[in-house]
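Taking it in order: structure first as C-alpha cells, then the write-up.
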Amino acid sequence: MTPAPFSSILIANRGEIACRIMRSAHEMGLRTIAVYSDADADAPHVKMADAACRLGPAPAAQSYLDATRIIDAARNSGAEAIHPGYGFLSENAAFAEACGEAGIIFIGPAPDAIALMGDKAKAKRRMIDAGVACVPGYHGADQSDDALINAASEVGFPLMVKAASGGGGRGMRLVESECDLADALKAARSEAENAFGSGELILERAIISPRHVEIQIFADRHGNVVHLGERDCSVQRRHQKVLEEAPCPVMTPALRKKIGAAAVKAAHDINYLGAGTVEFLLDSEDAFYFLEMNTRLQVEHPVTEMVTGRDLVALQIRVAQGEALGFSQDDVELTGHAIEARLYAEDVSQGFLPAAGPVDLWRPAIAPGIRIDAGITTGGDISSYYDPMIAKIIAHGSSRNEARRKLIEVLKRTTLFGVATNKNFLIDALERPAFAKGEATTAFIEEAFSSEDLAAPKLDAEDAACAVVLLYEAAHARMLAQTVCVSPALANWTSATKIITPYSFVDGDQTLNLTVTPVGPKQYHVEHEGRTIAVEAVKIERYEAVFSIEGARHMISFNLPDDAAHARIQISIDGRDFDLQNLNAIIATTTDSAGAGAVTAPMHGMLVDVCVAPGQKVARGTRLAVLEAMKMQHELYAEIDGVVADIHFSAGVQIPVNALIMEISAAE
C-alpha cells in the first residue's frame with residue numbers, strides 16, 4: 001500500500017544528524033519535531049526544530065533508546081512520520097514495527113529487512129544463498145564455545161570474532177592463533193551482550209590489510225533499485241571510521257560496475273526500501289567480500305551527496321511518501337572527489353579515549369567546497385552520555401588531492417576549545433604519504449602511527465611566544481580602556497627602562513618561563529632560555545590573529561576564557577591546540593586582588609588544605625586554602641576583612657576552575 005504524503009517529521013535523534021535532517025525537511029516545507037533528554041534541553045537541534053518534546057533523563061536508555069517515549073512524543077506532537085537518523089533506534093526492527101502499529105510512517109526499510117540484515121549471521125547466510133561473495137567463516141546457530149572453537153580450526157587463523165548483532169567495532173576481536181581464541185570469545189560475547197543485548201557471535205577469516213569499501217544503494221516502492229557509487233572508509237581506529245571518501249582511490253569503472261551490481265542484487269533479494277549501505281572488504285587483487293548491510297543512512301553520506309549532487313535525506317523522505325526515485329542507474333554520475341573527517345571529542349594520546357566537557361568556543365571555518373555538519377555551539381557542553389563524534393567536516397574538489405588539501409586547511413582554521421579533540425590527528429593523517437597517495441587500508445593507523453605520533457603536541461618556544469604576546473596585548477588593551485585621554489599611539493612606549501613582563505606556562509611535564517619586551521608598535525622580543533624570538537602581531541581580532549614569528553606568518557585562533565585575570569589562554573596554531581595558564585598571573589590574582597568575599601578556584605586542581613573554619617574571623621591577606629595544580633601549590637588569600645560564612649569543599653578533592661570554594665561575609 002502506498003503511504004499518504006506527510007507534512008511533519010519527528011527526528012528520533014540528536015546532535016549533528018538531527019540538525020542535518022531538519023535542514024532538508026525544512027527545505028521541503030515540512031514541520032520538524034525534535035526530541036531531547038535532560039542533557040540536551042538547550043542543544044542546537046532543539047532550537048532548530050519547529051517543536052520539541054522532552055523524553056527523559058540523560059542516559060540513552062531512558063531517553064533516545066526508549067521507543068515508547070518516542071512514539072508517545074510523535075503522537076502528542078502530531079508527527080506523521082519518524083526519521084531515526086543513525087545510531088540509537090535506527091536499526092531496531094521492533095521500533096520500526098511499533099511505528100507502523102501506531103500509524104506513524106517509519107522513514108526507513110521494512111522491519112523484516114532491518115531484522116534480517118541486523119543479524120550478521122542470518123545476513124551472511126542470506127547473501128551466500130543469493131550468490132553474493134562472503135568472507136569464509138562460521139555463522140551457525142550453535143553458540144557453544146566448543147562449536148566455535150571447532151569451527152575456527154576450519155576457518156583458519158588469523159580470524160575475526162564478531163558480534164552477530166550491532167556494529168561500531170563492539171564485540172569484535174582479531175585472533176591471531178588458537179591459544180588466544182577462548183579469551184577472545186569470552187570478551188567479545190560479554191561486550192556484545194552489554195552493547196546489543198545478544199551474545200551471539202560469528203567467525204570470519206581475517207582479510208589482512210583490506211580496504212573497507214561500501215556501496216550506497218536506494219530502493220523505492222516501485223521496484224527500482226540503484227547504487228550511488230562507493231565510499232572508501234578504510235581509515236579506522238577501534239574498527240570505527242575516521243576518514244571517508246568518495247570515490248574509492250583504487251576504483252575502476254569495471255570494478256565499480258561489478259561491486260555495485262552485487263550491492264543492488266543484495267537489496268533486490270530482500271525487497272529493500274529506502275537508503276541502505278552494503279559494505280565490502282576489498283583485497284589487493286580486487287576481490288571483494290560482503291561484510292554487512294547497514295539499513296539506515298550512514299554517518300559518511302555527505303561525501304556521496306557531494307559527488308552525486310543528490311540530497312539523500314530528501315530522497316529518503318520522498319521514497320517514504322511513496323514517490324519513485326525519479327532516476328535510473330545511467331543517470332548517476334560522480335563528479336570530483338570528496339573527503340570527510342569525523343571530529344571526535346577524544347584524547348588521542350590516551351588511546352582515543354572519549355572526552356567530555358564544555359564548548360568554550362566553536363568556530364568552524366567557512367570556505368568554498370567545504371561543508372560542516374555539526375550539532376554544537378559555543379557555550380554548550382559535550383556530554384559523556386553519548387557518542388563522542390561531534391561534527392563532520394567535508395571537502396569537495398575537482399581532484400582527490402585538491403579535496404585533501406582543502407580539508408587540511410579548513411581543519412587548521414576550525415576552532416573548538418574546551419574539550420580534547422582529534423583535530424590534530426586528522427590533519428596528521430591527511431598529510432601522511434600513504435593517505436596522500438591513496439594507499440591507506442584498514443591497517444593505516446596501526447602501521448603509520450607510533451605511540452609517539454599519537455602523543456599530545458608539545459608546546460614549543462614559538463607557540464608559547466604567540467600565547468605570551470596575545471596575553472600581553474589583551475592586558476594592555478584592558479588597561480588602555482580604563483585610562484582617560486591616553487593615546488593608543490603611545491602603546492609600548494616608555495622613557496625609562498624596557499618593559500619586561502614574565503610569563504610561565506606548564507605543558508605536560510615541562511615548564512616554559514618566558515619574558516616579553518615591546519620593541520615597537522605590535523612588535524615584541526620574547527626571551528626563552530637565552531633565545532630571543534621576534535614576534536610581530538600583524539593582525540589581532542576577537543578570536544583570530546596573524547603573527548609573524550621570526551619572519552614566518554602563522555594563522556592563530558585563540559580564546560581568553562578569563563578576560564579579567566588574563567591568566568588563561570586557549571590557542572590553536574596551525575591546527576595544534578593548547579589550553580594554557582600563566583602561573584605568574586594566577587599567583588598575582590590570588591594574592592593581590594581586592595574586593596568580593598567569594599573565594600573561587602583560579603584553575604582546575606586538588607584542594608590540598610583548607611586553613612580556616614566556618615565562623616572564623618579573618619583579615620584581608622589571611623591564608624584561606626592551598627590549591628595544587630600543574631605540580632605547583634597556590635595559596636589563596638582573603639581579599640576582605642570578615643567572617644568565613646560557608647566552605648563548600650573539603651581538603652583532598654579535585655575542584656574545577658571557577659568553583660566557589662568558600663564565602664566570606666564582610667566585617668561590619
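The values are calculated or read from the model by the stated rules, or taken from the named source; none is laboratory data. A quick note: this is a predicted structure, and the numbers were derived from the prediction, not measured. Glycine also receives a Cβ, built like all others from the backbone with ideal geometry; neighbour counts cover every protein chain displayed.
One table, with the values for the structure above:
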{"read-out": "Candidate set from region 242-292 (those that are charged (D, E, K, R) and farther than 17 Å from Ile217 by Cβ); member that is farthest from the chain's Cα centre (by Cα)", "value": "Glu285"}
{"read-out": "Matching residues, region 37-62, being assigned to a loop (DSSP other than H, G, I, E, B) and either touching an Asp or Glu at 6+ places or on another chain (Cβ under 8 Å) or within 18 Å of Ser7 (Cβ to Cβ) (or both)", "value": "Ala49, Asp50, Pro57, Ala58"}
{"read-out": "Condition check for Arg404: among the basic types (Lys, Arg), surrounded by fewer than 20 Cβ atoms within 10 Å (Cβ to Cβ) and modelled with pLDDT of 95 or more", "value": "no"}
{"read-out": "Lone unmet requirement of (1) at pLDDT 85 or above; (2) part of a loop (DSSP other than H, G, I, E, B) for Thr497", "value": "(1)"}
{"read-out": "Residue within region 430-447 that is more than 19 Å from Gln240 (Cα to Cα), modelled with pLDDT of 95 or more, within 22 Å of the chain's Cα centre (by Cα) and not hydroxyl-bearing (Ser, Thr, Tyr) present", "value": "yes"}
{"read-out": "All positions within region 460-484 that are at pLDDT 90 or above and buried (at least 21 other Cβ atoms within 10 Å of the Cβ)", "value": "Asp463, Ala464, Ala465, Cys466, Ala467, Val468, Val469, Leu470, Leu471"}
{"read-out": "Hey, Asp146 surrounded by 13 or more Cβ atoms within 10 Å (Cβ to Cβ) and not in a strand (DSSP E or B) or not", "value": "no"}
{"read-out": "Selected residue (criterion: nearest to Gly357 (Cα to Cα)) from residues of region 1-36 that are in a strand (DSSP E or B) and polar (S, T, N, Q)", "value": "Thr32"}
{"read-out": "Enumerated strands (runs of 3 or more DSSP E) restricted to region 169-223, each holding at least 3 residues that are assigned by TED's automatic domain parsing to the domain that holds Asp283 and within 30 Å of the chain's Cα centre (by Cα)", "value": "211-219"}
{"read-out": "Region 224-249, residues that are over 28 Å from Met172 (Cα atoms) and outside any loop (DSSP other than H, G, I, E, B)", "value": "Val225, Val226, His227, Leu228"}
{"read-out": "Thr415 of a type outside the set (A, V, I, L, M), under 15 Å from Leu343 (Cα atoms) and in contact with a Ser or Thr (Cβ under 7 Å, 6 or more places away or on another chain)", "value": "yes"}
{"read-out": "Of all residues making up region 283-335, the number that are of a type in the set (Lys, Arg) and under 30 Å from Ile128 (Cβ atoms)", "value": "1"}
{"read-out": "Filter result (in a strand (DSSP E or B), buried (at least 19 other Cβ atoms within 10 Å of the Cβ) and either of a type in the set (Ser, Thr, Tyr) or within 27 Å of the chain's Cα centre (by Cα) (or both)) within region 524-576", "value": "Tyr524, Ala545, Ile556, Ser557, Phe558, Asn559, Arg568, Ile569, Gln570, Ile571, Ser572, Ile573"}
{"read-out": "Long-range neighbours under 8 Å by Cβ, at least six apart or interchain, first residue under 20 Å from Gly171 (Cα atoms) within region 204-215, second part of a loop (DSSP other than H, G, I, E, B) and of a type in the set (Phe, Trp, Tyr)", "value": "Ala206/Phe157"}
{"read-out": "Extreme residue, farthest from the chain's Cα centre (by Cα), among residues of region 59-111 that are buried (at least 18 other Cβ atoms within 10 Å of the Cβ) and of a type in the set (Asp, Glu)", "value": "Glu80"}
{"read-out": "Within region 379-408, tally of residues that are within 16 Å of Gly418 (Cα to Cα) and either within 15 Å of the chain's Cα centre (by Cα) or among the basic types (Lys, Arg) (or both)", "value": "9"}
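Residues checked against (1) more than 21 Å from Leu65 (Cβ to Cβ); (2) of a type in the set (S, T, N, Q); (3) surrounded by fewer than 19 Cβ atoms within 10 Å (Cβ to Cβ):
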{"residue": "Val161", "(1), (2), (3)": "yes, no, no"}
{"residue": "Ala164", "(1), (2), (3)": "no, no, no"}
{"residue": "Glu176", "(1), (2), (3)": "yes, no, yes"}
{"residue": "Lys186", "(1), (2), (3)": "yes, no, yes"}
{"residue": "Phe196", "(1), (2), (3)": "no, no, yes"}
{"residue": "Ile202", "(1), (2), (3)": "yes, no, no"}
